[in-house]
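Step one of this worksheet: look at the structure below.
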Amino acid sequence: MRFNSKCQLLVLAGLLLIAIGPSLQTRLRNENNVKTATFLSPNFVLEPGSVINKFYYNIDFPKGHIAIKSFDAEVVDESRNPVPLHAIYLHHWLVARYYQRKVFGVSKYNGHLGFNQSDFIMVRNSGICEMDLPQYFGLGSETRKTVTYVPDPYGIEVGNPVEVPPGYDERWFLNVHAIDTRGSKDMLGCTECRCDLYNVTKDEYNRDIEPNYIGGLRCCYDETRCRTREGFQGPKRSLYLKYTVKYVNWHAFIVPVKIYMLDVTDTWKKQESTGLVSRHHCQIEYEVESCSAAVANNGCIHTKKTSVTFPNGGDVIYAVAHQHPGGVGSTLLGEDGRVICSSHPIYGEGKQPGNEAGFIVGMSTCYPRPGSVKISEGETLTLLSNYSSDQRHTGVMGLFYILLAESSRKSSSILHSGDDVVGILGWVRGGGGGSWMGDIVILHNAVWAIAGFGIAALVAATITYQRQREREEVCEWLLL
C-alpha cells in the first residue's frame with residue numbers, strides 16, 4: 001500500500017504540472033494583451049502671442065468595457081512632429097468622462113456646452129476635488145516625461161455597460177490650453193498668465209478682475225493675447241494634441257483602481273463641533289510672493305499646505321504631483337507623518353522637445369510595492385507644495401493625483417497574489433515605463449522554474465527512497 005501511494009503521488013505531480021500549464025499561460029497572456037490607440041484632437045491654430053483654451057466633446061476614444069493602462073499626450077504640428085515648449089507652451093490638457101443622451105446631437109467642438117442639463121451626466125473621478133477637478137487624466141508642460149502607466153494587475157475601469165444609464169452613451173471630452181510664446185516680451189510672464197501682459201481687465205465671463213489678482217487662468221482665457229516684442233512677426237501654425245491610450249479588455253483578474261485628485265488650495269475645514277460636512281472648494285491656482293516681498297520660508301522656498309480627510313481606504317498604486325515652473329516638489333503625508341509620496345519636477349536643459357531649458361518637462365512618480373503604502377478610511381492627509389520664491393510666481397498649481405485600490409476589493413488571482421514580484425519589477429524598470437511584457441515573462445518563467453524544481457525534487461526523493469527500501473520493479477513502469 002505504501003508503494004502504491006508513492007506511485008500515485010508521482011502520477012499526481014505529473015498531472016498537476018500538465019493542468020497548471022495552460023491555465024497559467026492563458027492568464028498571463030490575457031494580462032499582457034495591451035492594446036494601443038493613438039488619436040489627434042481637432043486642429044487648433046495659433047500665432048505669436050495667441051491663446052487657445054478649447055473644449056472638444058465626443059473625442060475619439062477606445063470603445064467597450066476596458067481597463068485603461070496609460071494616457072499620454074503632446075502637442076504636434078501638421079507633420080506630426082513634436083512642438084517644443086519654448087514655441088507653444090502647453091499650460092494643461094485634461095480628459096473627462098460623461099454620459100450623453102443618445103437623441104442629443106453635439107458637434108465635436110462647443111465651448112459653451114455645459115453639463116447642467118439633463119442631456120448630459122458628468123462622470124467625475126472619486127474625489128476629493130471632484131466638483132472643481134472632475135478629470136480622469138490631465139497634465140501640462142510635464143506631459144512628455146511623466147510616466148502614467150498603471151501596473152499590473154491594476155487598471156482604470158471604463159465602458160462598463162451596467163453603469164451607463166438607459167438611453168445614454170459614454171463619451172469623453174478634451175480640454176486643451178496652450179499659449180504661443182514665440183516672440184513674447186516676457187516668456188515666463190506669458191506662461192504664468194500675468195494680467196498686465198495680456199492687457200485684460202475682465203475675465204471670460206465678463207466679470208471684473210480684482211486689482212490684487214496679478215495673474216492666472218482668469219487672464220489667459222481663450223482668444224486672449226500675450227504681449228510680443230515690437231515688430232516681431234511669425235506665421236500661424238496649425239497644431240494638434242496627439243494622445244495615446246493603452247488599454248486591455250476588461251476581465252475578472254483586473255483589480256480596479258479609483259482616481260483621486262487633491263489640491264493644496266482646498267479650503268476644506270474639519271467641522272469638529274457642529275458635525276456638519278464641509279464642502280471641498282479647490283481653487284486650483286495660487287500666487288507665490290518673492291522673498292523680497294514676504295518672509296522667506298526655509299531660504300526662499302515657499303511652502304503651502306492643506307489637510308483633508310480621505311473618504312476611503314486602500315492601497316496606493318500610483319501617485320504624482322502637478323506643478324508649474326518654479327516648483328521644487330510636492331509631498332503627501334499620512335496622519336502619522338509618514339511619507340505617502342514625494343513627487344519632484346524634472347527641468348529641461350536643452351532646446352529639443354521633452355528637454356526644454358527652464359521648463360518642467362516631467363514629474364517623478366511613486367509606484368509603491370503593492371500593499372506597502374496604505375491610506376485608511378477617514379485618515380487625515382497633509383499635502384505640501386513647495387515653490388522657489390526667489391521671484392514672484394502667479395497662477396501656480398499644487399495638485400496631487402492618486403490611484404487607489406480600495407481595501408474591499410477581493411484579490412484572488414495568481415497575478416495579484418504575486419503582485420509584490422510584479423510591483424518590484426515595475427519599480428526597478430522605472431515605475432511602469434517600458435515593456436511590462438518582459439516583467440510578466442520573468443514572472444512566468446519563475447513560476448515554471450519553481451514548479452519544475454519542486455516536482456523534480458519530489459521525483460528524485462521518491463526514486464531514492466524506493467531504491468533503498470524496495471525492489472526496483474515495484475515502480476519500474478513509472479520510471480521509464
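The values are calculated or read from the model by the stated rules, or taken from the named source; none is laboratory data. In this text the structure is predicted, and so the values were computed from the model without any measurement. No Cβ is skipped: glycine too gets one built from the backbone with ideal geometry, and neighbour counts run over all protein chains shown. Side chains included, ligands, DNA and RNA excluded: accessible areas come from the protein's heavy atoms. Shrake-Rupley method; radii C 1.70, N 1.55, O 1.52, S 1.80 Å.
Take the residues in the range 378-410 that are over 23 Å from HIS92 (Cα atoms) and not in a strand (DSSP E or B), then tell me which one is modelled with the highest pLDDT. Before the answer, list the steps.
The initial filter retains those residues of the range 378-410 that are over 23 Å from HIS92 (Cα atoms), namely 378-382, 390, 404-410.
Going one step further and asking which of them are not in a strand (DSSP E or B), we end up with 378-379, 390, 407-410.
On the way: GLY378: 91, GLU379: 94, ASP390: 89, SER407: 74, SER408: 55, ARG409: 48, LYS410: 44.
Here the residue is GLU379.
What do you reckon, is ARG279 basic (Lys, Arg), open to solvent by 50 Å² or more (accessible area, probe 1.4 Å) and not in a strand (DSSP E or B)?
On the way: basic (Lys, Arg): yes; open to solvent by 50 Å² or more (accessible area, probe 1.4 Å): yes; not in a strand (DSSP E or B): yes.
Considered against the rule, which asks whether it is basic (Lys, Arg), open to solvent by 50 Å² or more (accessible area, probe 1.4 Å) and not in a strand (DSSP E or B), ARG279 comes out as yes.
Can you report the number of residues in the range 174-199 which are hydrophobic (A, V, I, L, M, F, W, C) and either open to solvent by 30 Å² or more (accessible area, probe 1.4 Å) or at pLDDT below 95 (or both)?
2
Between a residue in the range 133-147 that is over 23 Å from HIS281 (Cβ atoms) and any residue that is open to solvent by 20 Å² or more (accessible area, probe 1.4 Å) and modelled with pLDDT under 95, which pairs come within a Cβ distance under 8 Å, given they are 6 or more apart or on different chains?
Here the result reads VAL147/GLY430; VAL147/GLY433, each pair linking the range 133-147 to a residue that is open to solvent by 20 Å² or more (accessible area, probe 1.4 Å) and modelled with pLDDT under 95.
Kindly indicate whether ARG171 is modelled with pLDDT of 95 or more and in contact with a Leu (Cβ under 9 Å, 6 or more places away or on another chain).
Numbers: modelled with pLDDT of 95 or more: yes; in contact with a Leu (Cβ under 9 Å, 6 or more places away or on another chain): no.
No.
Only residues that are of a type outside the set (D, E, K, R), open to solvent by 30 Å² or more (accessible area, probe 1.4 Å) and in contact with a helix residue (DSSP H, G or I) (Cβ under 9 Å, 6 or more places away or on another chain): list them for the range 42-91, please.
Those that are of a type outside the set (D, E, K, R), open to solvent by 30 Å² or more (accessible area, probe 1.4 Å) and in contact with a helix residue (DSSP H, G or I) (Cβ under 9 Å, 6 or more places away or on another chain): PRO82, HIS86.
Residues checked against (1) open to solvent by 80 Å² or more (accessible area, probe 1.4 Å); (2) closer than 22 Å to GLN135 by Cβ; (3) without any contact (Cβ under 8 Å) to a residue 60 or more places away in the chain:
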{"site": "GLN233", "(1), (2), (3)": "yes, no, no"}
{"site": "LEU241", "(1), (2), (3)": "no, yes, no"}
{"site": "TYR247", "(1), (2), (3)": "no, yes, no"}
{"site": "ALA252", "(1), (2), (3)": "yes, no, no"}
{"site": "LYS269", "(1), (2), (3)": "yes, no, yes"}
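Please verify whether the range 25-39 includes one or more residues that are open to solvent by less than 30 Å² (accessible area, probe 1.4 Å), modelled with pLDDT of 95 or more and not in a loop (DSSP other than H, G, I, E, B).
To start, the set of residues in the range 25-39 that are open to solvent by less than 30 Å² (accessible area, probe 1.4 Å) comprises 28, 31-32, 37.
Adding the requirement that they be modelled with pLDDT of 95 or more leaves 37.
Filter once more, so that each one left must be not in a loop (DSSP other than H, G, I, E, B): 37.
Yes, the range 25-39 has at least one match.
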